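Everything on this sheet refers to the single structure shown next.
The values are calculated or read from the model by the stated rules, or taken from the named source; none is laboratory data. A quick note: this is a predicted structure, and the numbers were derived from the prediction, not measured. Note: ideal-geometry Cβ built from the backbone for every residue, glycine included; neighbour counts use all protein chains shown. To get the accessible areas, we keep the full protein, side chains included, count just its heavy atoms, and leave off ligands, DNA and RNA. Shrake-Rupley method; radii C 1.70, N 1.55, O 1.52, S 1.80 Å.
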Amino acid sequence: MFITLAILAVSAVFFALGRIRSDIVALCALLLLLFCGILTPEEALSGFSNPVVVMMVGLFVVGGAIFQTGLAKMVSGRIMKLAGTHELTLFLLVVLVTAVIGAFVSNTGTVALMLPIVVSLASATKMNASQLLMPLAFASSMGGMLTLIGTPPNLVINEVLVEAGYPLLSFFSFSPVGMICIAVGIVVMYPLCRWLLSGQREKDRHKTNKGKSLRQLVDEYRLTDDLARYRVPASSPLKGMTIGKADIHNRYGLTVLELRREGGRQHHLLKNVAQQLVGPGTVVEEGDILYLSGDGEQAQRFAADYGLQTDENLSTQTTLDFYHIGMAELVLLPTSRLVNRQLKEGGFRGTYSINVIAIRRKGEYIMESLPDMRLQAGDVLLVQGTWDNIARLGNDEDRWVVLGQPLDEAAKVTLDYKAPLAACIMCLMVASMVFDFIPIAPVTAVITAAVLMVLTGCFKNVEAAYKTINWESVVLIAAMLPMSVALEKTGASAMLSHMLVASLGNIGPLSLLAGVYFTTSLLTLFISNTATAVLMAPIALSSAVELGVSPYPYLFAVTVAASMCFASPFSTPPNALVMQAGQYRFIDYIRVGLPLQVIMGLVMIGVLPLLFPLTQ
């Protein structure tokens, strides 16, 4: 028992210091429990197969898809229309929306759903995301107190009451308590987050980046000033012809920036877009869309010669998309073998499958007769290709320097044509978690949704899906879950709860209520809220019966204290989910969560006897 408590205490110290990553601390604590024989290997590894941990992995993928498809940006735009850019209004809207969703969906699912939306919202309003993400996690727990199904501890105390012969709690019996929790949370969280988290990682927000965004490149080189888009009909002589045979550049002075093929256009939900880099051997097919840059009159002459079509959708599109094809700038080094050689001798297409579409030299932008242009040291080449091929350019740093971080820009590109599909998958996942008549376990629903997001192309590739998983948070929760097994197995949790409750019960009913609440609150820092509720609910019930008072306020004290645990990142999955995105440290949860947890407890001790009188 004492060894377990010592390991727990040392772990808490290292968590608070923050000098070692939290997942490493959790793994070291797990190994110590194993080496000391407190846990068996099966018990120690049980956290990695726990449904909550598996759900977290799936929810990271689902949340990543929501962000990758631009769905988060769309929803955040709607929220911005309601709230504007006022910080307090945004804060209130995020907390209230999250709390309402959390009343019907698991708090883990709620945070996974709202996390990409809130990050996008913070980015759009230039607000520090750390001021919204911790309130997001806490609000999901507060919203769980609104209904019977909102959080597992609610179901636990309902079961204990029924088994003891008391009436069944109704679906909204918890609503008054939940509303008070949300009100207290808003009043306390807003100033705490503004004072303590406003400067969170400000240095990261102001990092300088020598590269330019894709939109900046498009604007600088004026690629869309003379952009024309035409579709190839079945009757066009261009159908079946190669780009090289058409000789578009020499005959018309036009540059083919992109060839796009769209599938499922009649079914927007299943729409698919394939972008191809154009070369001399590229064969044009029926339905292809050509993106041409050059003189408008020449573009119209080309379209007339080959019977190309335009339509309203094409004529109103004024920007280039970068789903699969991107752009980057290269600076030629003086030592490069390409200096004083013609561009066509550079081998960009043959070696890297890259097109050079413009050259910037001493403030001038050159886009004509590029193949015959002799390159000079210091020339900036605007290149176009698939994102993978652009990444390969960085391997030849003896020839050129790639400006900026092209892969970071690629990660920002949203597959917006997949947003409706991602929304449908997300809604089906939420529905299966809300409605009991759908015979699917929550963990099954989440994993199914995550796999569907990958299979349906809501990510550029499988690697992009894996990158959305925050393994630090996953390992942290998985390694700390067996700690609750150790505390229960050694009798440490039972000893602490019995000792504290028994000593306070002799003073009076209100003191016993405070003892039940804060004992539960303390235990929830180290073991899961469900396990704490299972442990404390029978103790609270028997203590109330022994004193001859109503058990309702005591059992509600158990469920509120178990759910309102904010002072630790691993006490609840939502706290862990936002840790990396908000760049929080363990001490941040103590600075904001601990005062909130204590104030919430003091309010509840005063409110619960009013809502549920102590006298039977």
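Residues being buried (at least 23 other Cβ atoms within 10 Å of the Cβ) and at pLDDT below 75 are represented in the range 64-75 by at least one member. Evaluation of Gln376 against the conditions (1) touching a Lys or Arg at 6+ places or on another chain (Cβ under 8 Å); (2) in a loop (DSSP other than H, G, I, E, B); (3) modelled with pLDDT under 85 shows that the sole unmet condition is (3).
When the residues of the range 18-34 are narrowed to those that are closer than 24 Å to Asn470 by Cα and touching a residue at least 60 places away in the same chain (Cβ under 8 Å), which ends up most open to solvent (accessible area, probe 1.4 Å)? It comes out as Arg21.
Looking only at the range 424-438, how many residues end up being modelled with pLDDT under 80, open to solvent by 60 Å² or more (accessible area, probe 1.4 Å) and hydrophobic (A, V, I, L, M, F, W, C)?
2
Here the range 148-180 is the region considered, the condition is being of a type in the set (Phe, Trp, Tyr) and either open to solvent by 10 Å² or more (accessible area, probe 1.4 Å) or at pLDDT below 85 (or both), and the residue that is nearest to Met604 (Cα to Cα) is Phe172. Within the range 212-232, work out how many residues are farther than 21 Å from Ile366 by Cβ and open to solvent by 20 Å² or more (accessible area, probe 1.4 Å). Within the range 212-232, residues that are farther than 21 Å from Ile366 by Cβ and open to solvent by 20 Å² or more (accessible area, probe 1.4 Å) number 5. Entry remark, the range 279-291: residues being in contact (Cβ under 8 Å) with a residue 60 or more places away in the chain and within 23 Å of Gly347 (Cα to Cα) number 1 in total.
The criterion of at least 1 residues that are open to solvent by 10 Å² or more (accessible area, probe 1.4 Å) and modelled with pLDDT of 80 or more is met by the following helices (runs of 4 or more DSSP H) wholly inside the range 439-530: 442-455, 462-467, 471-489, 509-524. Taken as a whole, the range 126-149 holds at least one residue that is closer than 25 Å to Cys424 by Cα and assigned to a loop (DSSP other than H, G, I, E, B).
Please determine, by comparing only the residues of the range 351-368 that are of a type outside the set (A, V, I, L, M, F, W, C) and within 13 Å of Arg392 (Cβ to Cβ), which one is surrounded by the fewest Cβ atoms within 10 Å (Cβ to Cβ).
Thr351
Quick one: in the range 35-53, of everything that is of a type in the set (Val, Ile, Thr) and modelled with pLDDT of 85 or more, which residue is surrounded by the most Cβ atoms within 10 Å (Cβ to Cβ)? Per the criteria, the residue is Ile38. Selection of the range 160-191 for residues being in a helix (DSSP H, G or I) and without any contact (Cβ under 8 Å) to a residue 40 or more places away in the chain yields Val162, Glu163, Ser175, Met179, Ala183, Val187, Pro191. Scan the range 129-147 and give yes if some residue there is surrounded by fewer than 22 Cβ atoms within 10 Å (Cβ to Cβ), of a type outside the set (A, V, I, L, M, F, W, C) and within 18 Å of Val560 (Cα to Cα), otherwise no. The answer is yes, given that some residue of the range 129-147 is surrounded by fewer than 22 Cβ atoms within 10 Å (Cβ to Cβ), of a type outside the set (A, V, I, L, M, F, W, C) and within 18 Å of Val560 (Cα to Cα). Using the structure shown, decide if Gly199 is in contact with a strand residue (DSSP E or B) (Cβ under 9 Å, 6 or more places away or on another chain), modelled with pLDDT under 80 and open to solvent by 10 Å² or more (accessible area, probe 1.4 Å). For Gly199, the condition - in contact with a strand residue (DSSP E or B) (Cβ under 9 Å, 6 or more places away or on another chain), modelled with pLDDT under 80 and open to solvent by 10 Å² or more (accessible area, probe 1.4 Å) - is not met.
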